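See structure below.
The values are calculated or read from the model by the stated rules, or taken from the named source; none is laboratory data. Keep in mind the model is a prediction, meaning the values are calculated, not measured. Please note: Cβ atoms are built from the backbone with ideal geometry, for glycine as well, and neighbour counts cover all protein chains shown. Quick note on the areas: whole protein, heavy atoms, side chains included, nothing else; ligands and nucleic acids left out. Shrake-Rupley method; radii C 1.70, N 1.55, O 1.52, S 1.80 Å.
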Amino acid sequence: MRGIDILMTHEAARPFVIVDEPREGRKPVRRDAGKPAINDVLASMKPRLHLCGHHHRFVETVREGVPSVCIDRVNRS
């Protein structure tokens, strides 16, 4: 399927690196929270813009040649 302007997904594409808050006595943990299946969808559908929101952090990036924006919480945007 082609010709899609905006694709909205709950989850982010990979890589989507999150730095967890440090816990008492521990260093912050970095982890890739994105999902490869979203990359597959972006590669095949090639929308003009991808939006996601699951992680509640503003991030602008390009995945599979598609501009991808993770939107933040309203009270932080």
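Just a few scattered comments:
Conditions (1) loosely packed, with under 15 Cβ neighbours inside 10 Å; (2) modelled with pLDDT under 90, marked per residue:
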site	(1), (2)
M8	yes, no
I18	no, yes
G34	no, no
D40	yes, no
V69	no, no
D72	yes, yes
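- Long-range neighbours under 6 Å by Cβ, at least six apart or interchain, first residue under 30 Å from I6 (Cβ atoms) within segment 17-38, second open to solvent by 80 Å² or more (accessible area, probe 1.4 Å) and assigned to a strand (DSSP E or B): V17/R30; I18/R31; V19/R30
- Taking every residue in segment 49-77 that is within 11 Å of E11 (Cα to Cα) and pairing it with any residue that is open to solvent by less than 90 Å² (accessible area, probe 1.4 Å) and among the aromatic types (F, W, Y), at least 6 positions away or on another chain, the pairs with Cβ-Cβ distances below 8 Å are H55/F16; C70/F16.
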